[in-house]
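*Asks:* First, the structure itself, so that you have it in front of you.
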Amino acid sequence: MTTSPKRPSQQEAEAAVRTLIEWAGDDPDREGLKETPARVARSYKELFSGYETDPKDYLARTFEEVGGYDELVILKDIRVVSFCEHHMLPFLGTAHVGYLPNDRVVGISKLARVVHGFARRLQIQEKLTADIAGAIQDILAPKGVGVVIVSEHSCMTMRGVNTPGSRLTTSHLLGEVRDDPRTRQEFFDLVRG
């Protein structure tokens, strides 16, 4: 059994931000920075709120009255805000999430909530893409799932290689969305269209 590390207090988080301000070469007690440690700690609590929830819980309520609908369900252009676990800098973009229902569907807002729940954590984009697809597969048990994320990584655009405008695309396909060439093509056509 894995135990979670002890979470530092708000005061400890603020002290760490003060240390970073000093390390950067500034005075955390000057007027413009006095409240910054508290603001940063509150901001990080919101930005990393994905650790407070299990995104799979959003998929618990489903609907079986689908009138025989058995085609792809795709929610496109879901805003993604996440953080690179290597540099703690944001990556921003969009997710496109689809599934091929078996005998039930989920409210479309729940797909966006799953994306947001997983995104608000430190990670790499590849893991985020796989986690979203896996959650939908585990809970809804559809015939197939497809997730595509396209984003720009600040760790590449603001520092390091400095390539503004470059975007990373990841996809994770499961079941018939992966294995049936026609369904796979339809998924990608709908995501692009």
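The values are calculated or read from the model by the stated rules, or taken from the named source; none is laboratory data. Everything quoted here is computed from the prediction, not taken from an experiment. Because the Cβ atoms are built from the backbone with ideal geometry, glycine has one as well, and the counts that use them run over all protein chains shown. All accessible areas refer to the heavy atoms of the entire protein, side chains included, with ligands and DNA or RNA removed. Shrake-Rupley method; radii C 1.70, N 1.55, O 1.52, S 1.80 Å.
*Asks:* Given the residues THR183, THR129, THR169, which is the only one that is among the hydroxyl-bearing types (Ser, Thr, Tyr) and surrounded by fewer than 17 Cβ atoms within 10 Å (Cβ to Cβ)?
*Replies:* THR169
*Asks:* Give me the residue from the range 8-57 that is within 29 Å of the chain's Cα centre (by Cα), small (Gly, Ala, Ser) and assigned to a helix (DSSP H, G or I) and, out of that set, surrounded by the fewest Cβ atoms within 10 Å (Cβ to Cβ).
*Replies:* SER43
*Asks:* Another question about this same structure. Out of the range 142-164, which residues are in a loop (DSSP other than H, G, I, E, B) and open to solvent by less than 50 Å² (accessible area, probe 1.4 Å)?
*Replies:* PRO142, THR163, listed by residue number.
*Asks:* Looking only at the range 58-110, count every residue that is open to solvent by 20 Å² or more (accessible area, probe 1.4 Å) and β-branched (Val, Ile, Thr) and tell me the total.
*Replies:* The number of residues fulfilling the criteria is 8.
*Asks:* Then there is this: Any idea which residue in the range 59-96 is farthest from ALA130 (Cα to Cα), counting only those that are of a type in the set (S, T, N, Q) and in contact (Cβ under 8 Å) with a residue 60 or more places away in the chain?
*Replies:* Of everything passing the filter in the range 59-96, THR62 is farthest from ALA130 (Cα to Cα).
*Asks:* Would you mention how many residues in the range 71-106 are outside any strand (DSSP E or B), under 23 Å from PHE48 (Cα atoms) and in contact with a Ser or Thr (Cβ under 7 Å, 6 or more places away or on another chain)?
*Replies:* Residues that pass the stated criteria total 1.
*Asks:* Would you confirm whether any residue within the range 111-118 is under 18 Å from ILE149 (Cβ atoms), open to solvent by less than 40 Å² (accessible area, probe 1.4 Å) and not aliphatic (A, V, I, L, M)?
*Replies:* yes
*Asks:* Further question on the same structure: I'd like the full set of residues that are in contact with a helix residue (DSSP H, G or I) (Cβ under 9 Å, 6 or more places away or on another chain) and either more than 17 Å from ILE78 (Cα to Cα) or in a helix (DSSP H, G or I) (or both), limited to the range 165-179.
*Replies:* Those that are in contact with a helix residue (DSSP H, G or I) (Cβ under 9 Å, 6 or more places away or on another chain) and either more than 17 Å from ILE78 (Cα to Cα) or in a helix (DSSP H, G or I) (or both): GLY165, SER166, LEU173, LEU174, GLY175, GLU176, VAL177, ARG178.
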